[in-house]
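All remarks here apply to the structure that follows.
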Amino acid sequence: MRARTRTGLGVLAAGVASVLLAGTASAAPTPGAPGVGDSYYPNAGNGGTDVLHYDIRLTYQPATDVLAGTTTLLLTATQDLSRFDLDFALKASSVLVNNRPAQFANQNGNGELVVTPAQPLLKGQTATVVVAYSDTPSTEKVDGLNAWKKGSFGALGVDEPQSSAWWFPANDHPTDKATYDVSIEAPDDNVAVTNGTLVRKTKSRAGWTRWQWRSTKQQATYLTSFIVGKYELNQSTTPDGRPFISAYGSDLGDSLYAAKASVERTPEIDAFLATKFGPYPFEAEGGVVTSGITFSLENQTRPTYGARNFAAGSNTTLIAHENAHQWFGDNVSLGRWSDIWLNEGFASYAEWLWSEHEGEGTVAELAQYTYDSNAADADLWKLVPADPGADNQFDNAVYDRGALTLQALRTAVGDDAFFKILQGWQVQKGGSHGRIQEFIALAEKVSGKPLYDLFQTWLYTAGKPSVGPNGAAAFTARAASVKPKSFDQIQANHRNLAAEHSH
């Protein structure tokens, strides 16, 4: 996704507010910053607020692409605020802050909704903000971009690093996660899918059905999906008791059965990944396959997959990739978009782990072949995964060289320490966010080894490392690499994953 701004706040009753303001006259309330300070996307997120919960209640008409309803945000002010921003591309019709009408300005070109409450919001106080709107998402742009997908498949609010601005106002940065209730009313012949657990389906008028979903775990805005269209919806339960919900577009054609043969194995794949990364972190599992995108995205509890990924047959390495993100990217989100390696390098490594589990090439074989098949002047070595730049966040180097970095780490510290590091990251940062330097510090603490040179070589320095990811002994003794069976599929996954993100 792309542009962001600010969000939430807190408010007090007028009398209490006056007393508190009088006591802090030397520090008058000020506007919240228009972003959180992310160097890649300066307007991403918002200063001065922390969103606790989103209650999104919408009606969507696919025939006209009209989206209407309200979003209620429960927010806490992190400073005394005279005004604040929400990241939003659509046109608001009214804004209430603690039940009082607020002044607001739709700055739709840069995706900012600027809200001035009737009374300042004071640090530490909680506020309820209700935004009403009715608009056509496909017509609105932020920084010249539109992340909304509309077509014969229906509509999709699915993209990275930005998609929420086209369907709900938010503090749109991974450092501000919240819980969600999402209620979407759509025509009876459509299905409305998002994250978490399907609480109920109701009908209050002829021809329309309302779908109520709930996400009780901390969730980033870009991981929250809006999917409405003609889908086959399947509901079951995983072996360990979680709801498992999958959906398949009615237009998948020859790809349908291959998609099902992949996505329906999600509980099995998640159970395997849990043996490597620690317990699965969320309350539900699933997946959606659509013709509306070519890439795939790790939407929390229910990744969205582009149908083309199954055009050549089943593709369980992709399922492993997107579900590894449930741990790396979703449970532990990145602290800045420059930290994208913490998402993509780890999910790519999970593809190698799954390949080994399936007998289609070991991790060491895949790492060695990736290293050997890219000459010293190959593009893979020109980009620095630790800071690839906003235009290269989804470059193959972030995926492949990112995974090579993890194999080099595993070689250096040994299997026991390596998987303790990955699981420790979940324990230390689960439900929150982390930075690359914090991960390196944890790796050094757990392993008891100095790792600066290793990360400097593999993650921070352009150029092909002189010794391969399996270490000096393997490098000296290696024979000509043989292409592992899974290699081409994994590479195709990475090409498709980079295809259409709104970066």
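Structure above, values below:
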quantity	calculated
Top-ranked residue of the range 273-308 - restricted to ones that are assigned to a loop (DSSP other than H, G, I, E, B), in contact with a strand residue (DSSP E or B) (Cβ under 9 Å, 6 or more places away or on another chain) and of a type in the set (Ser, Thr, Tyr), ranked as most open to solvent (accessible area, probe 1.4 Å)	Ser291
Among the candidates Arg410, Arg435, residue that is open to solvent by less than 50 Å² (accessible area, probe 1.4 Å), basic (Lys, Arg) and either touching an Asp or Glu at 6+ places or on another chain (Cβ under 9 Å) or over 22 Å from Gln219 (Cβ atoms) (or both)	Arg410
Any hit, the range 350-370, residues being modelled with pLDDT of 95 or more and closer than 17 Å to Glu160 by Cβ	no
Pick from the range 189-203, criterion open to solvent by 10 Å² or more (accessible area, probe 1.4 Å) and hydrophobic (A, V, I, L, M, F, W, C), ranking: nearest to the chain's Cα centre (by Cα)	Leu198
Test: Asp55 is of a type in the set (Asp, Glu), surrounded by 16 or more Cβ atoms within 10 Å (Cβ to Cβ), closer than 30 Å to Pro187 by Cα and modelled with pLDDT of 95 or more	yes
Inter-residue pairs, beta-carbon under 6 Å, first in contact (Cβ under 8 Å) with a residue 40 or more places away in the chain and in the range 355-368, second assigned to a helix (DSSP H, G or I) and buried (at least 20 other Cβ atoms within 10 Å of the Cβ), 6+ apart	Gly361/Ser355; Val363/Trp352; Leu366/Trp352; Ala367/Leu404; Ala367/Gln407
Qualifying residue in the range 218-235 (condition: loosely packed, with under 14 Cβ neighbours inside 10 Å and either in contact with a strand residue (DSSP E or B) (Cβ under 7 Å, 6 or more places away or on another chain) or of a type in the set (Asp, Glu) (or both))	yes
Filter result for Ile227 (in contact with a Leu (Cβ under 7 Å, 6 or more places away or on another chain), at pLDDT 95 or above and either not acidic (Asp, Glu) or not in a strand (DSSP E or B) (or both))	yes
Sole residue being open to solvent by 10 Å² or more (accessible area, probe 1.4 Å) and either of a type in the set (Ser, Thr, Tyr) or closer than 21 Å to Ala324 by Cβ (or both), chosen from Thr362, Thr370	Thr362
Near pairs, Cβ below 6 angstrom, 6+ apart or cross-chain, from the range 250-265 (in a helix (DSSP H, G or I)) to any residue that is of a type in the set (Val, Ile, Thr)	Ala259/Val289; Ser262/Thr316; Ser262/Ile319
Residue list for the range 309-358, filter: crowded, with 24+ Cβ neighbours inside 10 Å and among the small types (Gly, Ala, Ser)	Ala320, Ala324, Gly329, Ser333, Gly345, Ala347, Ser348, Ala350, Ser355
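Residues checked against (1) more than 26 Å from Pro161 (Cβ to Cβ); (2) open to solvent by 60 Å² or more (accessible area, probe 1.4 Å); (3) outside any strand (DSSP E or B):
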site	(1), (2), (3)
Ala105	no, no, no
Gly109	no, no, yes
Leu113	no, no, no
Gln119	yes, no, yes
Gly124	yes, no, yes
Val129	no, no, no
Ser138	no, no, yes
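The values are calculated or read from the model by the stated rules, or taken from the named source; none is laboratory data. What you are looking at is a predicted structure, and each value in this text was computed from that prediction instead of being measured. Here Cβ is always computed from backbone atoms with ideal geometry, including for glycine, and neighbour counts include all displayed protein chains. Remember, those area values only see protein heavy atoms, side chains included, never the ligands or the DNA or RNA. Shrake-Rupley method; radii C 1.70, N 1.55, O 1.52, S 1.80 Å.
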